[in-house]
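Worksheet: one structure, shown below.
Just so it is clear, none of the values below were taken in a lab; they were calculated from the coordinates. No experiment lies behind these values; they were computed from the predicted model shown. Cβ coordinates were reconstructed from backbone atoms using ideal geometry, including for glycine residues, and neighbour counts include every protein chain displayed.
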């Protein structure tokens, strides 16, 4: 259900304080949904026993290769999320400035 229809339903069924809270929180939930979740890869396991390390060397090398590939993707994700968060913070700051001008101190 679009947010506008939800707000109209609130106007019909909800007390004014609840309506005000929903009108403030619904737009914020849209911004939160656009945030990206960056999941760090697990560190590769290296056995302490030298014999085990030799026996499973191929698997361990493959785990390290996958880790290095995945950590690069993770770091790119963090960079993108950081840029998105800064842009959002700038927009919110501008919105707050407009609010202060409209509402006064």
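Using the Cβ-Cβ distance between residue 46 and residue 101 with R0 = 41 Å, the FRET efficiency computed as 1/(1 + (r/R0)^6) comes to roughly 0.10. Using the Cβ-Cβ distance between residue 37 and residue 89 with R0 = 25 Å, the FRET efficiency computed as 1/(1 + (r/R0)^6) comes to roughly 0.85.
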